[in-house]
Structure formats: structure tokens, C-alpha cells
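K.L.:
To start, I am sharing the structure in question, which I have written as C-alpha cells.
The values are calculated or read from the model by the stated rules, or taken from the named source; none is laboratory data. What you are looking at is a predicted structure, and each value in this text was computed from that prediction instead of being measured. In this analysis, Cβ positions are derived from the backbone assuming ideal geometry, glycine residues included, and neighbour counts consider all displayed protein chains. The area values use the complete protein model at the heavy-atom level, side chains included, leaving out ligands, DNA and RNA. Shrake-Rupley method; radii C 1.70, N 1.55, O 1.52, S 1.80 Å.
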Amino acid sequence: MLGLKLPTDPRWVNIVEKNIEEILTDHAYCEQKAASTAISLIIGFPEKSELVKEMTALAREEMGHFNMVHDKILKRGWTLGRERKDEYVIELMKFFPKGGSRETHLVHKLLYAALIEARSCERFRLLSEEIADKELSDFYRNLMVSEANHYTMFLKFARKYGQKEEVDQKWNDLLDYEAQLMKDLGKKETMHG
Ligand SMILES: [Fe+2]
Ligand SMILES: [Fe+2]
């Protein structure tokens, strides 16, 4: 599924269920950061009109997701807390060497985004299938579909703006690296922890 090379340990859901406030807080920021990524691509690559159009729509959609998660937090009587550190994303973004041409930088950004969408989608699927809370189970099923579309879109753009064989090789190498990271994860009540 989604090209991921190591599935999340399903026991991660048991950890999450013990602290719904924590997962919703972390999740809210994941959506907000997804919107920020879309905006940063517009700022960095304004001449790529097709990308700009799609990133404009995506920023709106991700802020819509943020709003839905925020409403769930409020509905349960909580207030949005501070941003949680996403160690997974920090480690993931160490993979490609810094520098290189603008085009290379774009391809790397798109591949990171594709992978974060893919892993988020996998985590949402797991939550939708395993979480006892019916409201959250339905919520995550709907979000899973959106994130799968985003994964496909980012990968499509990476192949469009890069050289296809080179992009496919980089994608495969990134998936291997991510699977190594995932071996130590699935133990915290955060979306990628
Ligand atoms: Fe989203
Ligand atoms: Fe997304």
C-alpha cells in the first residue's frame, strides 16, 4: 500500500487511544504544516503555474482539515495546545543532501511531501480500522482518502519536474530510509511517532 516498505505496528493504536487529546493536538499541527508546505512551494516556485494552482487548492483543503481537527478538540472541551515536535519529519528531511539546483530542491521537497502524505494516510487507515471511538473512526476514514490523493499528486509533480528514472530511484531510496526510521517508531501518541 502506498509504496511504504514497513507497516506501522497496529499496537500503536492502543497507545494513541489512551491519550486522544495528545493525538488530536499533534494531528492539528500536521494539517497546519501541510498547508504551510503548500504555501512554501508557491513562494519558492511561482513560475510552475500548474503546481501553484494545485498548491493553492491544497493549502485551503489542509486548513479545512485543521479546522475539523480543531473543532473535535473544542467539542471535547479542550483547547488547542502548543505544537509538538515531529521527530519523524526532522529525521526524514535529513535524507537528501542540501544544495543542488533549484529543480533538484523542488524534486526533493515533493518527494518528502509525498512520503509524509503516504505515511499519514497509512496511520489514518489504521486509526479508522482499530480505534474504538466511532466518531473518530469515521473521521479518519474520510481523511485517509484525501491524503491518498495528495500522495499521488506530489509524486506526479516530482516525476513531471524531475527526470523520471532519477526521481523513481530517489523515491525508492527514500522509502528504504523511511522504513529504517519506522523500525523505532509507532510507540508514541503522535501522528508520526
Ligand atoms: Fe490533510
Ligand atoms: Fe494532505
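K.L.:
Taking +1 at the Cβ of each Lys and Arg and -1 at the Cβ of each Asp and Glu, which of I43, A158, I20 sits farthest along the dipole of the chain towards its positive end, judged by Cα position relative to the Cα centre?
P.N.:
Checking the options against the dipole of the chain, the answer is I43.
K.L.:
Would you work out if the chain is rounded, prolate or oblate? Take a ≥ b ≥ c from the square roots of the eigenvalues of the alpha-carbon gyration tensor; rounded if a/c is under 1.5, else prolate when a/b is larger than b/c, oblate otherwise.
P.N.:
Working: a/c = 2.00, a/b = 1.46, b/c = 1.37.
Verdict is prolate for the chain.
K.L.:
I've got another one for you. Longest segment of the chain with no GluC sites (Glu not before Pro) in a DSSP loop having at most 15 other Cβ atoms within 10 Å?
P.N.:
On the way: sites that count: E47, E83.
The longest such stretch corresponds to 84-193.
K.L.:
Turning to a different aspect of this structure: Be a star and scan the range 153-193 for residues whose amide nitrogen sits under 11 Å from the point 7 Å along the Cα-to-Cβ vector of R11.
P.N.:
Zone members listed by number: 187.
K.L.:
Between the alpha-carbon centers of the range 8-54 and the range 95-113, tell me the distance in whole angstrom.
P.N.:
That distance is 18 Å.
K.L.:
To the nearest 10 Å², what's H108's accessible area with a 1.4 Å probe?
P.N.:
Surface accessible to solvent at H108 totals approximately 20 Å².
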